[in-house]
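The values are calculated or read from the model by the stated rules, or taken from the named source; none is laboratory data. Owing to the predicted nature of the structure, the values given are computational and were not obtained by experimental measurement. Cβ placement follows ideal geometry from the backbone for every residue including glycine, while neighbour counts extend to all protein chains displayed.
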Amino acid sequence: MSVDVVWVYAVIHVGRAESRVSGLRGVAGEPVQVVASDDLAAVVGVVSLDEYGQDALRRNLEDLDWVSQKARAHDAVISAIARSGAVIPVRMATVYLDDGRVRDLLENRRREFAATLSRLSGRAEVGVKVYADPASLTMPDEGCVDHGTRSGTSYLMRRRRELASREEAYRAAAVEADRIHTTLMRHAVDGKRKPPPDRSLSGRNDVAVLNGTYLVDSDAVEFFRETVAALAMSTGRMSMETTGPWPPYSFAGEPVAE
Amino acid sequence: MAAVLVRGRAGRRMTEVLSAQEDRRISLVDLLDRVLAGGVVISGEVVLSIADVDLVVISLRTLVSSVGSLMSVEGITGGDHDGPRVR
Amino acid sequence: MTGPECGDLVAPRQRINSDPATVERGLVSLVLTLVELLRQLMERQAIRRVDDGLLTEEQIERVGTTLMLLEEKMVELREHFDLRPEDLNIDLGPLGPLLPTDPA
């Protein structure tokens, strides 16, 4: 007989919880269910220990195919629920041994979850990335100063100017990124800057000067995107891209499992 | 949950755009960055070989680890350092 | 942060392969890349000392001349082996390319 464990997707209000998860399938194709405690409900799926237990997770998290598939399924459940009301998204691979422990989680953190639900209600997350092309930022060397016939000195001074101007270009791009972030924060409920995406993952040659993610009212997402587009036009030398909208993963507070 | 390491040529895979439903633009790397507690961290391996004989393996995992522990930036590090834990 | 406990998403290893016919060229590009790395590091170090006022005029001229000749030699060697500037680089995966790819 196989042993089961409980994969947690999200935390929502208990009201209408059953109908909100009705018909949804989870990471293992299992029917999505709720575990209720007072006014809260955890959205969960019963999955097998073989594939989702601690040791199995450790192995499976090494497999890009497995992680990708489960990540999409996990997000699909959360996104579906987000359409019908407030949701606190939980990070993937948050697994509990049984319903009882899930109930304990809800009881122990009731006030925090209630406050978070209220804060996230009717809101979504939009990612914004700003890229600068360093080549377009550097000024061509004017080669002004004459160092006489001392060519070694000329050479070194020219290299010094070129490197300094490149650093200056990056610094200017960073200042611009700060300005963009500050502007976007005025149009959002909340926002945070994240480390730039790894260059080998982003698949781009230019440099990401801003990797921000913003909490925005759901019905203001389009307007927020237009704001980003307008900002992109005004900066000219930088390109901007938005991602999402996402369920508010980045604004859910402390990780549920910790 | 600690960061998940991606080795080698996952690059192209990461930028693949996931099916866009209702005007939603998401790529795998952005998704993983949000649903994984530790975000995505890369390790790399470069193998120098001649005539299909692997001569030198340069593993960058240790290097990435030490750079990461120095930086300790939110989103890259943090969370559970012992790997996935079932409670 | 990371350790043996963390998940590694395994993908095919990146190989810098050379068949017997291009072994020489492969080794040369590797060697020249490393020389180029050292050249750039030395150049930056020299510039830093100039900025910090640690070099006399004579030293600046000597170091500058040496670096200039070294750069000219590198160009000669590169062209002799029919390598473009972009060929002198190593992709370190997560750390990006070994040498900067943008101008300056």
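So here's what we get for this one:
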read-out	value
In the stretch A:94-110, the residues that are within 27 Å of residue A:50 (Cβ to Cβ) and away from chain B (no Cβ under 12 Å)	A:99, A:103, A:106
Close pairs from the stretch A:153-169: first over 15 Å from residue C:60 (Cβ atoms), partner in a helix (DSSP H, G or I) and at pLDDT 90 or above, Cβ under 8 Å, at least 6 apart	A:163/C:47
Test: residue in the stretch C:53-62 that is of a type in the set (Lys, Arg), part of a helix (DSSP H, G or I) and under 18 Å from residue C:101 (Cα atoms)	no
Residue pairs meeting the criteria (Cβ under 8 Å; at least 6 apart or on separate chains; first on the phi < 0 side of the Ramachandran plot, in the stretch A:8-25; second assigned to a loop (DSSP other than H, G, I, E, B) and of a type in the set (D, E, K, R))	A:13/A:39; A:14/A:38; A:14/A:39; A:15/A:39
Test set (1) within 24 Å of the chain's Cα centre (by Cα); (2) within 28 Å of residue B:26 (Cβ to Cβ); (3) in a helix (DSSP H, G or I) - residue A:93 fails condition number	(3)
Residues (part of a loop (DSSP other than H, G, I, E, B) and either touching a residue at least 12 places away in the same chain (Cβ under 8 Å) or under 24 Å from residue A:106 (Cα atoms) (or both)) located in the stretch A:209-258	A:237, A:247, A:248, A:252, A:253, A:254, A:255, A:256, A:257, A:258
Hey, residue A:17 more than 25 Å from the chain's Cα centre (by Cα), crowded, with 18+ Cβ neighbours inside 10 Å and small (Gly, Ala, Ser) or not	yes
